[in-house]
Amino acid sequence: STDTSAATSQQGTAASASTESILEAAVTPVVSITTASILTNTTRATSGRLVCATSTFWLKPIRLKTARKQQEDTEPNGAMTTRFKKHRHLRGHISAGHGRIGKHRKHPGGCGNAGGQHHHRINFDKYHPGYFGKVGMRNFHLVKKVIKTIDVCKVWSLVSERTRLHFKDKTDKAPVIDVLRAGYSKVTGKGRLIPQPVIVKARYFSKNAEEKIRAAGGVCVLCA
């Protein structure tokens, strides 16, 4: 019985070794195929399934571009090709998807803002409250007050550079800049003012503009 078991184990070992060598030889070329791009047409025809001696490998299917997508890629400016339009597929369908009763007419609800107080009243009341009606009194010959402004950083541009340099080293005199004569009414406080005393005449001054002019040693003069 001992000799019989030993012989059986040797035969099993030899059989397993031969089986492993056969499987290695069968599996090696299959495992080397990693992508579906190198498969032949016959392999693709088997529903993307690759069969070997040991198991079945399912390959990821290749999604090919449809003819419509390829055509869109080649069309200039993304223009739709006529044969791919929706209406080409609706040939033979009498109403083309718009119904027999209602029909596809040009302006079924009226043009523009038609029906704001009638059949479109709900929309106007909900999204545009107060659209209709009058408020207040009429004012004939209304003249709107326009105030032209100039930034404090541009005040020196109203006089020449020669004038600025002439008064630069003088402590008892300062140049007078009248913004009203230049067509401006108000001086605003945007920007940096050259640190040199100056007398600015205007109808209005903002708070920041007044602070910057006084910090430079200048004076703000209000004019009617």
Residue 139 meets each of (1) under 19 Å from residue 203 (Cβ atoms); (2) at pLDDT below 95 with one exception, condition (1)
If you take the residues in the range 154-182 that are hydrophobic (A, V, I, L, M, F, W, C) and part of a loop (DSSP other than H, G, I, E, B), which one is least open to solvent (accessible area, probe 1.4 Å)? 179
Collect the residues in the range 68-91 that are at pLDDT below 65 and touching a helix residue (DSSP H, G or I) at 6+ places or on another chain (Cβ under 6 Å), keeping them in residue-number order. 68
Those residues of the range 183-214 that are touching a residue at least 24 places away in the same chain (Cβ under 8 Å) and in a helix (DSSP H, G or I) come to a total of 4
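The values are calculated or read from the model by the stated rules, or taken from the named source; none is laboratory data. These numbers come from a predicted model, not from an experiment. Reconstructed Cβ throughout: ideal geometry from the backbone, glycine too, with neighbour counts over all protein chains shown. With ligands, DNA and RNA removed, areas are computed over all heavy atoms of the protein, side chains included. Shrake-Rupley method; radii C 1.70, N 1.55, O 1.52, S 1.80 Å.
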